[in-house]
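Okay, structure first, notes after.
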Amino acid sequence: MSPIRNARIVLGVTGGIAAYKSVDLASKLVQAGATVHVILTDAGAEFVGAASFEAITQQPVHRSVFEPWRSDWHGHVSLGQLADVVVVAPATANTIAKLAHGLADDMLGTTVLATTCPLLIAPAMEHQMFHHPATQENLERLAARGVRLIGPESGRLASGEMGDGRMLEPVKIMGTIRQVLGEAGPLRGRRIVVTAAGTRERIDPIRDVGNRSSGQMGYAVVQSLVDRGAEVTLITGPASILAPVGAAVVPVESAVEMEAAVRAAVDGADALIMTAAVSDYRPDAQFSHKLKKADTGERLTIEFVTNPDIVAGIEGDALVKIGFAAETHDLLANARKKLAAKSLDMIVANDAESTIGSPVSQATFLYPDREPEMLERMPKSEVADLLADRVVELLAKRSGES
Ligand code: C5P
C-alpha cells in the first residue's frame with residue numbers, strides 16, 4: 001500500500017504557469033488516498049482558481065493567515081501541525097527567496113515556519129531566473145537546512161526558450177512524496193538490489209533475442225521496497241515503464257552485463273531479489289555488421305551458448321537471496337528445485353504464460369524451511385507488497401541469527 005494513502009499533504013501553489021499542473025498533482029494525490037490542503041498564494045491565484053483545487057481536494061483552499069477564527073482552527077499552526085509533508089509546487093524565485101529567509105508575510109511562509117515535517121520544493125521559472133546567483137544562493141541555503149529540492153527539469157519554458165526551469169512532472173513529484181513518506185519504514189537503512197525485465201542478447205548491431213517480460217513485477221517490487229524505506233538499486237533490462245522515484249537505476253542489456261552489474265551492486269547489500277527474466281542462452285558469436293539476406297542465403301543458423309546463472313553464482317551467507325520462477329508446467333516442483341539449486345531464501349513461483357506482460361499474477365511463495373504460501377490472483381503491486389513484507393521478516397531473522 002502506498003504511504004500516500006491516508007497521508008496529510010499541504011500543497012503550496014505559487015505564481016508560475018506550472019500552477020496548472022498542480023491541479024493534476026492534487027488530483028493524483030487525492031486519488032492515491034491523501035488528504036490535500038492547498039495554500040494558494042496571491043500570485044498563484046492569478047494562474048489557477050481556488051475553486052479548481054476545492055473541487056478536487058474537497059477541502060477549503062487557504063489564501064490568507066487571517067482566516068476567520070474557530071475554536072478548532074489555529075490557521076498556519078494547525079496546517080503546519082497536521083501535515084505529514086509540505087510540498088511547494090510550483091515554487092517561484094520569489095517564494096524560494098522568501099522561504100530561504102524565513103519570511104512569514106503570507107499563509108505559505110507562516111505554515112513552513114510552523115512545521116517540522118519534511119519540506120519539498122519544486123522550483124519552476126525561466127532559466128535566467130533559476131541560474132541567477134541570488135536564486136542559486138537561496139536554493140543552497142534551503143538545501144543546507146534539509147529542504148528537498150526536486151527539479152527543475154530542462155526543456156521548453158513558457159517563454160518558448162529552452163533551458164532549466166520546468167517544474168518536475170507531477171508523477172515524479174508524487175514519487176518523491178511517496179519516497180519521503182516511506183523513509184522511516186521497516187526497511188530503513190537496508191540496501192537491496194533488484195533485477196527486473198528481460199535481458200536481450202545481441203545478434204548484430206540492430207538485432208537481438210529477448211523475451212516478453214515487461215518489468216512490471218520487478219518495478220512493483222522496487223516501489224514496495226522504497227515505500228518501506230529501503231535504499232534500492234534497480235538493475236533493469238530494457239523496459240518501457242517509469243522507474244520508481246528513489247531507486248538508483250542501472251540499465252543493462254545482456255545477461256553478462258546484468259551479472260557484472262549485480263556483482264558490483266551486491267557488495268555490502270542486505271538482499272538480492274532477482275525478478276529479471278534472464279536469457280538462458282546468448283548467440284555464440286555476435287556479427288559486427290547488420291546481417292544481409294544476400295550474405296546468409298535462405299537459412300541463417302545461429303549457435304547459442306548458455307549464460308551464467310547470476311543468482312546461483314552470488315555467494316555470501318549474509319545476503320538474503322530471492323528468486324522468481326515462471327514455468328509453463330510442473331510449476332511448484334520446478335520452483336522447488338530452483339530454490340535448492342540456487343541456494344535461495346525464497347522463490348516466487350507463477351505461471352509463465354498468464355503472468356508475463358500481465359498486470360496481475362497468481363503467485364506462490366516457497367521457502368526452504370516453511371510451508372508454501374499460495375496467494376490469490378491479484379495485481380502485481382499487491383504481490384510486491386506481500387513480498388516486501390516477507391523481505392522485512394527474512395532480514396530480521398537473518399540479523400537475529402548473526
Ligand atoms: O530462468 P529461471 O527460471 O532459472 O530463473 C529462476 C531465477 O533465477 C530467477 O530469479 C532469475 O532471475 C534467476 N536467473 C539468474 N541467472 C540466469 C537465469 C535465471 O539469476 N542465467
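Laid out as a table, the results:
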read-out	value
Boolean, S279 is away from the ligand (no atom under 13 Å from the Cβ), farther than 25 Å from E393 by Cβ and not in a strand (DSSP E or B)	no
Test: residue in the range 163-174 that is assigned by TED's automatic domain parsing to the domain that holds N350, more than 14 Å from the ligand (Cβ to nearest atom) and not in a loop (DSSP other than H, G, I, E, B)	no
Extreme residue, surrounded by the fewest Cβ atoms within 10 Å (Cβ to Cβ), among residues of the range 260-312 that are among the basic types (K, R) and at pLDDT 90 or above	R299
Hits in the range 189-199 (condition: outside any strand (DSSP E or B) and touching a helix residue (DSSP H, G or I) at 6+ places or on another chain (Cβ under 9 Å))	R190, A197, T199
Scope the range 344-397; condition among the hydroxyl-bearing types (S, T, Y) and under 21 Å from R228 (Cβ atoms); matching residues	S361, Y367, S381
Residues of the range 204-223 classified as assigned to a strand (DSSP E or B) and open to solvent by 20 Å² or more (accessible area, probe 1.4 Å), total	3
Residue count, the range 224-243 (criterion: in contact with a Ser or Thr (Cβ under 9 Å, 6 or more places away or on another chain), open to solvent by less than 30 Å² (accessible area, probe 1.4 Å) and within 26 Å of D351 (Cβ to Cβ))	5
Pairs, first among the β-branched types (V, I, T) in the range 324-341, second open to solvent by less than 50 Å² (accessible area, probe 1.4 Å) and within 11 Å of the ligand (Cβ to nearest atom), C-beta under 6 Å, six or more apart	T328/A352
Considering residues of the range 313-343 that are more than 7 Å from the ligand (Cβ to nearest atom) and under 27 Å from the mean Cα position of the chain (by Cα) only, the residue most open to solvent (accessible area, probe 1.4 Å)	A318
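The values are calculated or read from the model by the stated rules, or taken from the named source; none is laboratory data. A quick note: this is a predicted structure, and the numbers were derived from the prediction, not measured. All Cβ positions, even for glycine, are placed from backbone atoms using ideal geometry, and neighbour counts span all protein chains on display. Note: areas computed on protein heavy atoms with side chains; ligands, DNA, RNA excluded. Shrake-Rupley method; radii C 1.70, N 1.55, O 1.52, S 1.80 Å.
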